[in-house]
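The values are calculated or read from the model by the stated rules, or taken from the named source; none is laboratory data. Since the structure is predicted, the reported quantities are computational estimates derived from the model, not experimental observations. When we count neighbours, we look across all protein chains shown, and the Cβ atoms used for this are built from the backbone with ideal geometry, even at glycine. For the accessible areas, the whole protein counts, side chains as well, though only heavy atoms, and no ligand, DNA or RNA atoms are used. Shrake-Rupley method; radii C 1.70, N 1.55, O 1.52, S 1.80 Å.
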Amino acid sequence: MTSRFEGELLEVSMGPQHPSTHGVFRMNVALEGEVVRKLKPVFGYLHRNHEKIGENTSYLGSMPYTDRLDYFCSMTNNWAYALSVEKLAGIEVPERAEYLRVILAELTRLVNHTSLLGFLLSDMGAWGTPLMYAFRERERMLDLFESLSGSRMMCDYMRFGGCRVDLPPGWMEQARDIVDGFPGFLDEFEKLITGNEIVIARTQEVGKLPTELAINAGITGPGLRASGVNYDVRKVDGYGIYPRFKFRVPLGEHGDCYDRLMMRVLELRESLTILHQAMDQLPEGPIQNPKIKIRAFKPPVGEAYGRIEAPKGELGFYLISDGTGNPYRYRVRPPSFINLTVLEDMCLGHTVADVMVILGSIDIVMGEVDR
Amino acid sequence: MMIGGGVLKGMAVTARNFIGSYFEKDRLTTVQYPEERSPLPENSRNFPFLVYDTDDAAAGLRCVACKICEKECPPQCIYIVKSEDKKPDYMGKPQFYPAIFDIDISVCMSCQICVEVCPFEAIKMDKVYELSRRERFDALLMRKSDLAKSNDYYHRIHPLEAEAVDAALDAAAAKKKPVPAPTPPATS
């Protein structure tokens, strides 16, 4: 048997229904034995015409669609889009709204990174259990989102020049409870990861991303920082009110899956420090710029690119306005999509089982990749 | 060897969660859904409905068929036909009313932009769920009669928000009182 296929490549189509491809994503993998020799990612199964729809609806009308880009982090998507429109139209945001945005964005980061850790362990074969622990914590934060915005995942919360509704009574206490209890969960969860021999064997020296390639390919977010590049849009751009907060940017050294995994754990801890600071400093005041009309919003002619550090990397919206109620051009720079482009380089020479771990460590959401 | 201290530590975490789920409420968060239901928060939203005042759903409808929500709705799930004639609304002013007001809730994405853009506080978000139907088309198309719900109902599901809306409406009505003749409604 073995001699007949010696040296020949076997093409395998992985996905789009594979349980660990995080959605409908297909890879055409050429295998030599168990080792990956070629890998072609196939996108587009979840294409929804997001950008063209954005050009045909009003500026406000695109806001609920941005929730559906990366459906784990609708708050940061809202923020990125609101930031771009605010840049385009030169809108000021009240102080309280800025703080709320930071609090919600960091909560979103907690949601994203915890569920990513759960999914990654699930991809490695720890089927179910760690994922359920992660989802239990995530659910608490989704409850917060629901009591604030009305929806667990499709929050549609931010508006140009502020936020939609103010905090309901008791929200802050609940949020503080969750944030205070989170380190306990994280310590416990880390016991499942950090010293675990199986995790170490499956992730260390697997899927190395060289620093040079990471920079050239435009990788952003924890994947880039795991390769040792100090680049965080929160620090580089200092958008919103991030310069007011003290936090560190964790950096990796090896750029392998283990570094990417630990990057998430460390970022969770940094997010908690930001959350504590923001919650302590949250001022009273309006949450919405009163000058902004909700109906018939027309920004002046021009173009703007607003970007934020979404949990998955740099999320940007590029808008060209021709002075009408719809954007002339509406372009999304999705972190998942661009981070996914180096998948082949990371997978070559590893086994099929490693492909799943590498894909999981990139952290993709197909809603954002295919748009 | 693969099995070492780290794996055992992980097992201890699993065991603690398993045994803890019998004693600690934090570790067992599952709700046995059809039997028990977790309460929905005040701000929870699902699909839109039309608010009417007084007891008469047909006469008290706040909607004046201005069609702003139809225009602003991102997935275009609202269909309105304006009436030919006018009839008195709950404040006694002659107003247009929607002859047809349909919302296709299989298209609606619960973004509540219609609520935000409505100048008459006429459309609000409902909290109902369990709306599955055996039929895909007509059963999910909500007609005016399905959508009309009383202000009392609105007070029940969003108490704080409804209070604020009522206060704002009363203030607006008090301001308008001195004007003798009823003004025609803005139609844009």
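Name the GluC sites (Glu not before Pro) in region A:126-227 that are in a loop by DSSP and that have at most 14 other C-beta atoms within 10 Å, would you?
Answer by residue number: A:205.
Dipole orientation for chain A: of the candidates A:178, A:76, A:347, A:76 has the Cα lying most toward the positive pole (charges on Cβ; Lys, Arg +1; Asp, Glu -1). Full extension of the segment from residue B:16 to residue B:132, taken as 0.36 nm per residue of separation minus the current Cα-Cα distance, would add 37.8 nm.
Could you state, as a whole-number percent, how many of the C-alpha pairs of region A:54-162 are farther apart than 15 Å?
65
Within region A:164-225, the ratio Rg/Rh, alpha carbon atoms throughout and Rh by Kirkwood, equals 1.21. The charge dipole of chain A, taken about its Cα centre with unit charges on the Cβ of Lys, Arg, Asp and Glu (plus for the first two, minus for the last two), comes to roughly 1120 debye.
Here region A:296-363 was treated as a single set of alpha-carbon atoms; its pair distances binned every 10 Å from 0 give 19, 32, 23, 15, 9, 2 percent. For chain A, the longest principal axis of the alpha carbon atoms and the long axis of helix A:171-193 meet at an angle near 10°. Per the Debye calculation on region A:174-286 with a single equal scatterer at every Cα and no solvent contribution, log₁₀ I(q)/I(0) for q = 0.17, 0.23 Å⁻¹ amounts to -0.92, -1.24. Pairs of Cα atoms in chain A fall into 10 Å distance bins, from 0 up to the last occupied one, in shares of 5, 24, 33, 24, 10, 3, 1, 0 percent.
Dimensions of region B:1-117 from C-alpha coordinates, computed as largest minus smallest value along each principal axis and given longest first, are 83, 32, 21 Å. Within 10 Å of the Cβ of each residue in A:221-231, the mean number of Cβ atoms contributed by other protein chains is 0. An ellipsoid equivalent to region B:53-145, defined through the eigenvalues of its Cα gyration tensor, has semi-axes of 24, 15, 13 Å when rounded to whole angstrom and sorted largest first. In the structure shown, do any of B:86/B:127; B:67/B:149; A:40/A:235 have a Cα-Cα gap over 24 Å, and if so which? Table pairs above 24 Å Cα-Cα are B:86/B:127; A:40/A:235.
Given q = 0.12, 0.21 Å⁻¹, what are the Debye log10 I(q)/I(0) values for region B:31-99, with equal point scatterers placed on the Cα positions and solvent ignored? Scattering profile of region B:31-99, log10 relative to I(0): -0.49, -0.93.
Here chain A has 54 percent of its accessible surface on carbon and sulfur atoms, given a 1.4 Å probe and all protein chains in place. Here is the size of region A:130-235 from its Cα atoms: Rg then Dmax, 18.6, 50 Å. Compared with the dominant principal axis of the Cα atoms in chain A, helix A:74-89 is inclined by about 50°.
Once the convex hull of all Cα atoms in region A:220-351 is built, its volume per residue stands at 142 Å³.
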